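First the structure, in the form of structure tokens, and then the observations on it.
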Amino acid sequence: MLLDPEAAGDEVAAVHAPSDHKDSSLFAPDSGQAWVRLALAVVIGSIGSVGMWSVVVVLPVVQAEFAASRGAASLAFTLTMLGFGLGGVVTGKITDRFGIVVAMGLSIFFLGLAYVAAGLSTTLWQFIAIHLLIGLGTSATFAPLMAEASHWFERYRGLAVTIVASGNYVGGTIWPPLVNWGIQSAGWRTTYIAIGIFCAVTMTIVLALLRVQIGAAAPRSHENAPRPRVDLQLSTNMLTLMLCIASISCCVAMAMPQVHIVAYCGDLGYGVARGAEMLSLMMAFGIVSRIGSGFLADRIGGIRTLLIGSVAQGFALLFYLFFDGLTSLYLISAMFGLFQGGIVPSYAIIVRESMPAREAATRVGIVIFASVFGMSFGGWVSGVIFDASGSYAAAFLNGLAWNAVNVAIVVALLIRARQRLAMA
């Protein structure tokens, strides 16, 4: 699968894919400075990822307050994911052109403003529509940040990308219990306003520290970036399309437990708090999965890592069909997080392995948009299936079918990669 099989594993280019620093020749990939940047990126990603998880916890409360159906209330998550996906493409282009600092600054502005507005909403449709802006505000903390981190590392690129992506799951571990506590203590409206203020202040501080490490945000040159290592003999657009279809498929499956586990536990009589704990547990094990997948990708490549994660996710979904006891759901949720955590970052790794660095953030943003479209559609359709059938069994089966489509596409890419290696 390597474009240059004879390249040494620890070979480092003089100047990696450029970052926003004044003198790129002073920056060395895999250096201590790169790790400091990475740590700051994880912190800002962990805080900003609240936009992905707060709506999941508040869903039952909002549904009850506005006397809405489960499917209607789930549209807030759908709009969040669409905003997250569209924003990833837009902020990806901004990152490729002007740098991550500018893109992140715009996201922080929208995130803080949207949470305050959502807390002041008076109708369900206002609440739902504002979540498009919440998704937009969260967008730069994922796809563009992963693409940017891939430019800071060569030898440990896969690990770096998955560590940055783990910020999303760190947030998923910390935020659901905090949001639930805020709802119980002060109500969901006050909690939303507090989140908006907190994110605006803390993320701005961390971004300022990251800017000091990176330097002035300026248009960047990609001339010295290392060339792609994987050659699938596919056009960039065709490979992007295939990765988009694969990411939609796997994320429709992924959305069922992540979006509805809180409501599912409430329906089973275990309470919303137990569901929030399961979601937090799922995200905690997802962190382990993401970092582990980074180590794995640095050794076997992004395509093989993606295949392993996708197959494992399918097995975890099967267990949800057969076990619904409280202890069983805790165990299965932990297992699901452990199996699926490395899937989405694998797409970013594949893009960086096989596409030019000068368009990495944009291409990653497009593929991640496809994945969040899958998440948003999966979250909505699972609610619709529940409303129609009265249970989540059919929704889990729907997820399994979509997961099978993902596995088929990844297998096709792997076969093509092996064939190209044999011909080399």
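The values are calculated or read from the model by the stated rules, or taken from the named source; none is laboratory data. Keep in mind the model is a prediction, meaning the values are calculated, not measured. Virtual Cβ from ideal backbone geometry, glycine too; neighbours counted across all protein chains shown. Just so you know, the surface numbers come from the protein's heavy atoms only, side chains and all, with ligands and any DNA or RNA stripped out. Shrake-Rupley method; radii C 1.70, N 1.55, O 1.52, S 1.80 Å.
Apart from one condition, A404 fits all of (1) in contact with an Asp or Glu (Cβ under 8 Å, 6 or more places away or on another chain); (2) under 15 Å from L317 (Cβ atoms); the exception is (1). Name the single residue that is farthest from S49 (Cα to Cα) among those in the range 187-205 being open to solvent by 20 Å² or more (accessible area, probe 1.4 Å) and of a type in the set (V, I, T). If we take residues in the range 187-205 being open to solvent by 20 Å² or more (accessible area, probe 1.4 Å) and of a type in the set (V, I, T), then T190 is farthest from S49 (Cα to Cα).
Residue count for the range 143-182 under the criterion of being open to solvent by less than 10 Å² (accessible area, probe 1.4 Å) and assigned to a loop (DSSP other than H, G, I, E, B): the result is 3. At pLDDT 85 or above and surrounded by fewer than 23 Cβ atoms within 10 Å (Cβ to Cβ): is that true of L331 in this structure? When the stated conditions are applied, L331 passes them. Criterion applied to G51, G135, G45, G71 was being within 21 Å of I261 (Cα to Cα) and modelled with pLDDT of 90 or more, and the one residue passing it is G135. A single entry from Y192, Y115 fulfils the requirement of being in contact with a Cys (Cβ under 9 Å, 6 or more places away or on another chain) and more than 19 Å from P345 (Cβ to Cβ): Y115. It is to be established whether one or more residues within the range 132-142 are in a helix (DSSP H, G or I) and more than 21 Å from the chain's Cα centre (by Cα). No. For the range 378-395, filtering for residues that are surrounded by 14 or more Cβ atoms within 10 Å (Cβ to Cβ) and not in a helix (DSSP H, G or I) leaves 1.
Applying a threshold of 7 Å to beta carbon distances and a minimum spacing of six or more residues, or different chains, the list of pairs starting in the range 116-137 at a residue that is touching a residue at least 60 places away in the same chain (Cβ under 8 Å) and ending at one that is in a loop (DSSP other than H, G, I, E, B) and open to solvent by less than 50 Å² (accessible area, probe 1.4 Å) reads L124/F66; L124/A68; F127/S121.
Does R37 satisfy being buried (at least 21 other Cβ atoms within 10 Å of the Cβ), of a type in the set (K, R) and in contact with a helix residue (DSSP H, G or I) (Cβ under 6 Å, 6 or more places away or on another chain)? When the stated conditions are applied, R37 passes them.
I'd like to check something: does the range 81-88 contain any residue that is surrounded by fewer than 24 Cβ atoms within 10 Å (Cβ to Cβ) and touching a residue at least 12 places away in the same chain (Cβ under 8 Å)? Yes, the range 81-88 contains a residue that is surrounded by fewer than 24 Cβ atoms within 10 Å (Cβ to Cβ) and touching a residue at least 12 places away in the same chain (Cβ under 8 Å). Taking the range 282-310 as the range and being modelled with pLDDT of 85 or more, surrounded by 23 or more Cβ atoms within 10 Å (Cβ to Cβ) and in contact with a Ser or Thr (Cβ under 7 Å, 6 or more places away or on another chain) as the test, the residues that pass are M282, S293, G294, A297, G302, T305, L306, G309. Exactly one residue among G92, G71, G51 is in contact with a helix residue (DSSP H, G or I) (Cβ under 6 Å, 6 or more places away or on another chain), surrounded by fewer than 21 Cβ atoms within 10 Å (Cβ to Cβ) and of a type in the set (G, A, S), and that residue is G71.
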